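Note sheet for the following structure.
The values are calculated or read from the model by the stated rules, or taken from the named source; none is laboratory data. Bear in mind that the values here come from a model prediction, so they are computed numbers and not experimental data. Ideal geometry is used to build each Cβ from the backbone, glycine not excepted, and the neighbour counts take in all protein chains shown. Each accessible area value is taken on the protein alone, full model and side chains, heavy atoms only, with ligands, DNA and RNA left out. Shrake-Rupley method; radii C 1.70, N 1.55, O 1.52, S 1.80 Å.
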Amino acid sequence: MTVAEAGQPAVGAVAGEPRFIIGPSQMPIRQLSKEVSSAIAAGEVVERPASVVKELLENAIDAGARSIEVVIEGGGKRLVMVSDDGEGIRADELSLAVGRYSTSKLESVEDLRSIRSLGFRGEALASIGAVSRMEIVTRARGAAAGSRLVVEGGRIGEPEPVGASPGTLVRVQDLFFNVPARRKFLKSESTELGWIARLVSRYAMAYPDRRIRFEGEGRERLHTGGSGDRREALAAVYGLQDAQAMIPLMEPAMDGFGFALSGFIGPPPIHRSNRREITVFVNGRWIQDVGLGSAVTQAYHGLLMVGKYPVAALFLQIAPDQVDVNVHPAKAEVRFADPQLVFSGVQRAVRASLLGQVPVHPLSFGPSGPTPGWTGSALHADRAAAPERVIQLPTEAAGAVPILRSVGQVGATYLVAEGPDGVYLIDQHAAHERVLYERLMKQADSQSPESQSLLEAITVEFGPSEINTLELNLSALGALGFRVEPFGPQAYRVRAVPAVLSGIAPDRALRAVVEDFEEDETPLGEETEARLAARVCKRAAIKAGQILSSEEQRELLRDLERCQAPRTCPHGRPTMIHLSVAALERQFGRRG
Ligand code: ADP
Ligand code: MG
């Protein structure tokens, strides 16, 4: 089944994106049979206030709500309130809705294979009601009046008629009041609030067609307009500036992969020191998948400073029979029929968008001088006051730089070059870092790194914690082509260095490995080599202030042209800025 066949466009679907129906199921609420309920992954749904918010939000979305409000007090421990304008619950079904395994979204084991709603376990309201004081006020569409039901610590009261507007309001107070052990386990109010805020933000980005308002501790913290414009939702979450700088994924649909991917990824300068802002939704469901997360980080390979992680909001649509959502009690994990296909598809799409959009920094002539940070992305191009758009590159050369003609060196720091569309100023240090880094990583990937033996081994002394750091990284060093051995308790001997680094003081290269280590997070196996390589290259690269011969200048340009990601150094800073012919013409008054 293809994506197009599997999903019919739903009301309010985001323009241009295929989407599976998330919405009212039209089925009555019923208690699932033993057979079905035992087939549902067992486990605790309610772990902390954020899990309550997640379940109630998902219920509101499933109910077809256009407008959803979340109100939190005391980090969600004292109050979680979610109200929506969805289809509501019929008065005669209200008691059933709060019972275990009661759902309107699933009937048979067969249905479990093609779930199209966020909920299906029929467990959330029952679980929440068991560990809190829960009140539901709801009015079904078309019903003359509403009804109200209270559940306290699992004791279900009698539903009573009340006046209510269409939709549903669930008020959850004093979470875990009857399970002190669990309550003690909760974190501080501000930590719990942080989790909830991140969760609501994710759903706001995933459902830009719903109006979502979040109020925490008496303050409005998020409010999306429900226009369906995902960038608008991103702005509500990340602020206008970052949202505008984020790069749309270039592949709205990946035919042949059996899935479609959309979303936004942060350009390298927008990053975090942890993975928390990598958000992945699969068929409208937020999932935490280690494999998908690292597919995203790997796509930033060499573009982000080591120990830094990207910001990304990815929305994957895949035929429901290609993904099993029934593997985790909180539905936070899924199992793909062909995980490798999905991971490599995601990685490729992110990488392509990233390289295609990493712009050459254009030179701006505003009063503030050259624009700092990330400018010239596709978004800025359509802004009236935007600096001249960077040259448009053919897709197959995405990320590449054009052939450059060396003109000279300025201030012993920058190279001046001419390209097909104007002048390029190149930071010689950053450019050389990039060149060395790619060579070194290529060597490391080749499994048999080329080493250059030193005529005379060099001894480098270290302090105790530095020795420890070095020892932790010995195998990565070997993979890069270093040959080092302990020499007494406080020293190491360097016998060989990577061939690509020959001509560089070996002791400096080795010192680079252990310095600044405290700044990093815990080292990650997969990234150790890249991190070491980036650090070593920083030390080894040509410095600012170093005069280069014409031949050396030309060689550096040639080497840079051959790089995969020539526009940034391994730490994500730009290697070049661009002054287009059009910008020159404007400045000289040749063109309006
Ligand atoms: P599930 O979502 O897995 O079906 P829940 O315990 O979360 O289980 O909800 C039980 C049932 O109550 C749902 O199937 C749905 O019919 C009804 N329900 C819950 N919340 C809402 C809501 N906000 N609007 C309308 N119906 C709701
Ligand atoms: Mg539910």
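In the neighborhood of SER344, defined by Cβ-to-Cβ distances under 11 Å, what is the net charge if each Lys or Arg adds +1 and each Asp or Glu adds -1?
Values: positive: ARG348, ARG351; negative: ASP338.
In short, +1.
Please give the direction-averaged projected area of the C-alpha convex hull for segment 202-321, in square nanometres with one decimal.
On the way: hull surface 33.6 nm².
So the mean shadow area of the Cα hull is 8.4 nm².
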Please list, in chain and number order, the residues 5+ apart from MET576 or on another chain whose amide H is under 5 Å from its amide H, with Hs placed from the backbone.
HIS361, ASP427
Amide H neighbours of ARG211 under 5 Å, at least 5 residues apart or on other chains, H built in the peptide plane: list them.
SER67, ILE68
Restricting to Cα atoms and excluding each atom paired with itself, what does the Kirkwood estimate give for segment 135-282 in Å?
18.8
Calculate the radius of gyration of the Cα atoms of segment 96-215 to one decimal place, then report Dmax, the largest Cα-Cα distance, as a whole number, both in Å.
16.4, 43
State the extension gain, in nm to one decimal, for the chain segment bounded by ARG30 and ASP445, taking 0.36 nm per residue of separation less the distance between their alpha-carbons.
143.7 nm
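Cross-link list LYS77/LYS105; LYS77/LYS308; LYS187/LYS308; LYS54/LYS187; LYS54/LYS308: which exceed 21 angstrom alpha carbon to alpha carbon? Let's see the in-between values first.
On the way: LYS77/LYS105 29 Å; LYS77/LYS308 33 Å; LYS187/LYS308 26 Å; LYS54/LYS187 17 Å; LYS54/LYS308 28 Å.
LYS77/LYS105; LYS77/LYS308; LYS187/LYS308; LYS54/LYS308, as the Cα separations exceed 21 Å there.
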Could you tell me what fraction of 2.2 N^0.38 Å the Cα radius of gyration of segment 430-584 comes to, as a two-decimal ratio?
1.12
Around LEU303, under 12 Å between beta carbons, what's the net of Lys plus Arg minus Asp minus Glu among the other residues?
+4
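Quick check: at a probe of 1.4 Å, how many percent of the accessible area of segment 446-592 sits on carbon and sulfur atoms? Let's see the in-between values first.
Values: 3690 of 7620 Å².
Of all accessible area on segment 446-592, carbon and sulfur atoms account for 48 percent.
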So, counting K/R as plus one and D/E as minus one, what does the shell of residues with Cβ under 11 Å around GLU220 add up to?
0
Please calculate how many Å² of accessible area segment 198-277 carries per residue, with a 1.4 Å probe and no DNA, RNA or ligand atoms counted.
39
Could you give the Stokes-Einstein D for segment 270-347 in µm² per second, using the C-alpha Kirkwood radius, 25 °C, 0.890 mPa s?
188
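In whole Å and largest first, what semi-axes does the C-alpha gyration tensor of segment 527-567 yield when each eigenvalue is scaled by 5 and square-rooted? Provide the component values of the computation, followed by the final result.
Numbers: eigenvalues 102, 44, 8 Å².
Semi-axes (√(5λ), whole Å): 23, 15, 6.
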